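Down below is the structure, laid out as structure tokens.
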Amino acid sequence: MSYTILTGDRATGPLHLGHFVGSLRQRVELQHQHNQTVMVADLQGLTDNGNNPQKISANVLNVVADYLAVGIDPHKTTICLQSALPALAELTMYYLNLVSVARLERNPTVKNEIAEKDFARSLPAGFLIYPVSQAADITAFGATHVPVGEDQLPMLEQTNEIVRRFNHIVGQPILTECQPLLSNVGRLPGLDGQGKMSKSRGNAIPLGAGADEVHKAVMSMFTDPGHLNVSDPGRVEGNMVFTYLDAFCEDAALVAELKAHYRRGGLGDVKIKRLLEDCLQSLLEPIRTRRAEFIADKGELTRILQHGTRRAHQVSQQTLQQVKMALGLDFFSLE
Ligand code: TRP
């Protein structure tokens, strides 16, 4: 069975290991059997950076370089730019009428973000409605599957509510419901163990990080504050080094053995950090090299993005046309 897959990333900064574990790694596998589109979500990035558009524009090509560096292949995956696809903005306008403000305020991910960012009365209207714009992204491509981290599940629920509501109102199955493809490793916590890995919290390792940066990040990682002497028994739960070893070390038997040793006592933090650093350096080294090559040719990056966006434009315009037809609002076209 071939899925239709859509995912995206806000263009708010270079992508990091959290993105890699949560979704990028999976996309590289999925592109071989499935019809996959990956979107640089610059518009969504603007929803909480309205006064700093430069932050978004400066990161669009960074994200494309990250995609290519991890092995997303533009011959297999359609890579597109959200702001260049007018159908997405138009679909958002139609969908907005099918969602109440109360429902948007209940979206748990948005609710958390609003609290964290301390928006209060200055909450941008665009931020509150970004799940609706995300529903437009997903449905425009008829996505059946969306590879995401757990924090995105409320977005998919909200999308499916819109899909059902729309199809019910027009009495035809125009839009497609989607389901998540969760990675087997849940969301990756930050280096400090405080919430998810995020660039703005300064607890992230970017995919393009230099060897030194990786070394420093691993050595400063949060372990078990009660593990003062090597001989003391240590805690594995909540110990970020073990959480990351689970995510990045392929030798699961070795990790299990080390966990047992650490719990008994006699295994020092530096030893487990060295192993983790080895795993991360060998993962990131080829990514860093490829990324540097891509970033050196912005013209080529732009061409790749434009090429994919052209294809995405055709698909998303078709969906928009069907939506307008179903609503009886397709009186004429200006094309
Ligand atoms: N909300 C996603 C994030 O913050 C980015 C995104 C935008 C997305 N559009 C999407 C993800 C469509 C999946 C599908 O990472």
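In cubic angstrom, how much convex hull volume per residue do the alpha carbon atoms of the range 133-185 span?
Working: hull volume 3.3 nm³, N = 53.
Looking at the range 133-185, the number lands at 63 Å³ per residue.
With every protein chain present, what is the per residue accessible area of the chain (1.4 Å probe, Å²)?
Numbers: 16350 Å² over 335 residues.
Here the residues of the chain average 49 Å² of exposed surface.
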I need the per residue convex hull volume for the range 1-76, using only the alpha carbons, in cubic angstrom as a whole number.
85 Å³
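Using the beta-carbon distance between residue 102 and residue 231 and R0 = 45 Å, what value does 1/(1 + (r/R0)^6) give for FRET efficiency, to the nearest 0.05? Don't skip to the end; give the middle numbers.
Details: r = 57 Å, r/R0 = 1.26.
For R0 = 45 Å, the calculated efficiency reads 0.20.
What relative contact order, as a whole-number percentage, does the range 26-76 give when Cα pairs under 8 Å and 6 or more residues apart are counted? Could the numbers behind the result be given before it?
Working: 25 pairs, mean separation 25.8, N = 51.
Dividing the mean separation by the residue count of the range 26-76 yields 51 percent.
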Descending Cα extents along the principal axes, the chain, whole Å
77, 44, 44
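What is the Rg over Rh value, at two decimals, for the range 199-335, using alpha-carbon atoms and the Kirkwood definition of Rh?
1.28
Report the per residue volume, in Å³, of the convex hull enclosing the C-alpha atoms of the range 293-335. Could you put the intermediate results ahead of the total?
Working: hull volume 3.2 nm³, N = 43.
About 75 Å³ per residue, rounded to a whole number.
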At what distance in angstrom do the alpha carbon centres of the range 56-80 and the range 208-232 lie from each other?
30 Å
Of all beta bridges DSSP finds with both residues in the chain, what is the antiparallel percent, to the nearest 5?
10 percent
Qualifying GluC sites (Glu not before Pro) in the range 235-309, DSSP loop, other Cβ atoms within 10 Å at most 12
237, 250
Sort 133-139, 282-288, 12-18, 144-150 by packing, meaning the average of other beta carbons within 10 Å per residue, with the highest value first.
133-139, 12-18, 144-150, 282-288
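How big, in percent, is the set of alpha carbon pairs in the range 1-159 lying more than 21 Å apart? It would help to have the intermediate numbers written out before the result.
Numbers: 5697 of 12561 pairs.
Here the tail beyond 21 Å accounts for 45 percent of pairs.
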More than 20 Å apart - percent of Cα-Cα pairs taken over the range 69-162
43 percent
If you stretched the chain out fully between residue 115 and residue 215, how much longer would it get, using 0.36 nm times the residue separation minus the C-alpha to C-alpha distance?
32.7 nm
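How high is the relative contact order of the range 1-142? Use alpha-carbon pairs under 8 Å, at least six apart in sequence, and give a whole percent. Let's see the in-between values first.
On the way: 159 pairs, mean separation 41.5, N = 142.
So the answer I get is 29 percent.
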Linear extension gain, residue 271 paired with residue 333, 0.36 nm per residue minus alpha-carbon span
15.7 nm
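Mean Kyte-Doolittle of at least 1.0 plus a Cα span of 27 Å or more along the axis: flag which DSSP H helices in the chain meet both, please. Don't skip to the answer; put the middle values down first.
Details: long enough: 269-295 (36 Å, -0.23); 298-327 (41 Å, -0.74).
Helices meeting the criterion: none.
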Relative contact order %, the chain, counting alpha carbon pairs below 8 Å whose residues are six or more apart:
23 percent
Extension length gain for residue 260 and residue 33 (0.36 nm per residue less Cα distance), in nm, is 77.8 nm
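Determine the shape class of the range 207-256: with a ≥ b ≥ c the square roots of the Cα gyration tensor eigenvalues, call it rounded for a/c under 1.5, and otherwise prolate if a/b is greater than b/c, oblate otherwise.
On the way: a/c = 2.46, a/b = 1.34, b/c = 1.83.
Oblate is the answer for the range 207-256, as a/c is 1.5 or above yet b/c matches or exceeds a/b.
Leaving out ligands, DNA and RNA, what percent of the accessible area of the chain is carbon and sulfur, probe 1.4 Å? Before the final figure, lay out the partial values.
On the way: 8610 of 16350 Å².
Ligands and nucleic acids excluded, carbon and sulfur reach 53 percent.
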Can you compute the label reach from residue 198? Point 7 Å from Cα along the Cβ direction, backbone N cut-off under 14 Å, restricted to the range 19-46.
19, 45
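The values are calculated or read from the model by the stated rules, or taken from the named source; none is laboratory data. Since we're looking at a predicted model, the values are computed, not measured. Virtual Cβ from ideal backbone geometry, glycine too; neighbours counted across all protein chains shown. For accessibility, only protein heavy atoms count, side chains too; no ligands or nucleic acids. Shrake-Rupley method; radii C 1.70, N 1.55, O 1.52, S 1.80 Å.
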